[in-house]
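Notes follow once the structure below has been shown.
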Amino acid sequence: MSTNNMFFVLGIAVLVCPAALVAILGIPPLVGRPLSEKTINRYAYAATVIGLLVSLLMLVMMLTVGTRHVPIELGNWVVIPQQHFHFHLKFVFDRLSIPFVILSFLLCGTVSAFTSHYLHRESGYGRFYVCYSFFLLGMIISSLAGTIEVLFLGWELVGLSSALLVAYFHERPTPVINGLRVWSVYRIADAAFLMAAVAMHHLTGAGDFDRLVGTGSWPDGIAVLTSDQALTVGLLLLIAAAGKSALVPFSGWLPRAMEGPTPSSAIFYGALSVHLGAYLLLRVSPLLEVSVPLAVAVITIGIVTSLMATLLARVQTDIKSALAYASLIQVGIIVAEIGLGLRYIALIHMLGHACMRTLQLLRAPTLLHDYHTIENALGGRSAGDKSVWGRWLPLSLQYWVYRFASHRGYLDGILDEFVVHPFQRLFKWCDAAERRWTDFLSRGRSRASDDVQVHSEIVEELRL
């Protein structure tokens, strides 16, 4: 077998492992034959271990042969000649995607082993693993995507599984509301992502990243766009990355996402999902060299996010929210590093931070117990000294800063006022116009759903 054929077989095997896990865990419940916990664990363990070993073998082969860029072409799956559009299925193994794929398999395997004990005998055990398998598949597709359409496919799988796991405890209203909030923010990011994809097709004639950032292997590619074109496409991708990685002004959804079970918080919002926006910026980082304003925008958002997260983390009263904002501090620094052109440092920072934060979040449930043990041994709580800011800042300013941080920088209110409410008014106007038109055609009330009585308690809960 030739080297190219070996690369192709290994590349397909990396993709097949999570895809097979989705089929194995997803189909039996649909036909009324759910799997036992033990069987689910075995399949999840096998998929992550085999995927990890194949990824490592791929890395060894690339190092042995001395190649840095291995494309896997699967052809055009959707072609629309009239619109000059084609959905080209292409995956790329290079110095950016291989570490992220290995990290995904490694952390997903760790979290799977933790979950087998943490959610033991939970009624939603199988449901968690179905979402988990979709998330793993989405992460692998996103990491290896060679075109923006393939990246969007993986991006959506990650977003859908994340939102569903935020609302994992669906018998309570708060997780469902927070899951809906996360899903709404993802929609804003997805809209920017789709606009960037359309712009890429218009400017380069395809969604291939090699067309956008040059044919050189990462990070040596040179963007083929002009400065203005790079700024337009780059800003749209920056909005998409900000939504996915909870950068300012979309930071409000991150603590809400902690409503899910601890394993999902660890793998989604502490380790992998929250870094996906930074990964996207790394993938298109040659654009930053072409457009200085774009690089300045990336650095600014990274620094502002990091500073605001530092402030907000100091007023959190639960360990998971504090860790969420601690993650955001590091993600902001990583984004600033990308803007400064420190790509390898950003990649190493991202990999190290993901591993450390996963372990911290998995450790969080037992941390309070340990603190109580220490306090019992000491006979009380240790009194902390006042910080420098506490001694020098006026009391009124301290109160204002505390209120600002407690309201999470008013970011949710700003999004509601300037994004959500204008769209709500537009959609209500469209709905009213449609209603008047259908009433006119039917010469009466045209919607039977108007007569359905909505439960008042559900309405009040959704307003919270």
Yes or no: residue 247 within 22 Å of residue 304 (Cα to Cα), outside any helix (DSSP H, G or I) and out of contact with any Leu (no Cβ under 7 Å at 6 or more places or on another chain)? yes
Quick check on segment 124-135. Is at least one of its residues under 30 Å from residue 171 (Cβ atoms), at pLDDT below 90 and not β-branched (Val, Ile, Thr)? yes
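Say whether the condition of being more than 17 Å from residue 248 (Cβ to Cβ) and touching a residue at least 40 places away in the same chain (Cβ under 8 Å) is met by at least one residue in segment 369-392. Explain how you work it out, then say what you get.
Initially, segment 369-392 is screened for residues more than 17 Å from residue 248 (Cβ to Cβ), giving 369-392.
Keeping just the survivors that are touching a residue at least 40 places away in the same chain (Cβ under 8 Å) gives none.
Looking through segment 369-392, none of the residues is more than 17 Å from residue 248 (Cβ to Cβ) and touching a residue at least 40 places away in the same chain (Cβ under 8 Å).
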Residue under question is residue 250, and the condition is that it be open to solvent by 10 Å² or more (accessible area, probe 1.4 Å) and closer than 18 Å to residue 160 by Cβ; does it hold? yes
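Given the condition without any contact (Cβ under 8 Å) to a residue 24 or more places away in the chain, open to solvent by 20 Å² or more (accessible area, probe 1.4 Å) and of a type outside the set (Phe, Trp, Tyr), answer yes or no: does some residue in segment 319-326 qualify?
Kept after step one, since they are without any contact (Cβ under 8 Å) to a residue 24 or more places away in the chain, are these residues of segment 319-326: 322.
Now narrow it down to the ones that are open to solvent by 20 Å² or more (accessible area, probe 1.4 Å): 322.
Filter again for of a type outside the set (Phe, Trp, Tyr), leaving 322.
Checked segment 319-326: at least one residue is without any contact (Cβ under 8 Å) to a residue 24 or more places away in the chain, open to solvent by 20 Å² or more (accessible area, probe 1.4 Å) and of a type outside the set (Phe, Trp, Tyr).
Among the residues that make up segment 13-23, is at least one of them in a helix (DSSP H, G or I), under 23 Å from residue 218 (Cβ atoms), β-branched (Val, Ile, Thr) and without any contact (Cβ under 8 Å) to a residue 60 or more places away in the chain? Walk me through it before giving the result.
First, pick out the residues of segment 13-23 that are in a helix (DSSP H, G or I): 13-23.
If we keep only those that are under 23 Å from residue 218 (Cβ atoms) as well, we get 13-15, 18.
Checking the rest, the ones that are also β-branched (Val, Ile, Thr) come to 14.
With without any contact (Cβ under 8 Å) to a residue 60 or more places away in the chain added as a condition, the list becomes none.
No, that holds for no residue.
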Run residue 178 past the list (1) in contact with a Phe, Trp or Tyr (Cβ under 9 Å, 6 or more places away or on another chain); (2) of a type outside the set (Val, Ile, Thr); (3) over 29 Å from residue 421 (Cα atoms) and report the number of the one that doesn't hold. (3)
List every residue pair whose Cβ atoms sit under 8 Å apart, with the two residues 6 or more apart in sequence or on different chains, where the first one lies in segment 36-59 and is farther than 30 Å from residue 70 by Cα and the second, anywhere, is among the aromatic types (Phe, Trp, Tyr). 37/125; 40/125; 40/129
For residue 443, the lone unmet condition from (1) on the phi < 0 side of the Ramachandran plot; (2) open to solvent by 70 Å² or more (accessible area, probe 1.4 Å) is (1)
Subset of segment 178-235 [without any contact (Cβ under 8 Å) to a residue 40 or more places away in the chain, outside any helix (DSSP H, G or I) and of a type in the set (A, V, I, L, M)]: 224
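The values are calculated or read from the model by the stated rules, or taken from the named source; none is laboratory data. Small disclaimer: the values here were computed from a predicted structure and weren't measured. All Cβ positions, even for glycine, are placed from backbone atoms using ideal geometry, and neighbour counts span all protein chains on display. The accessibility values were calculated without ligands, DNA or RNA, using every heavy atom of the protein model including side chains. Shrake-Rupley method; radii C 1.70, N 1.55, O 1.52, S 1.80 Å.
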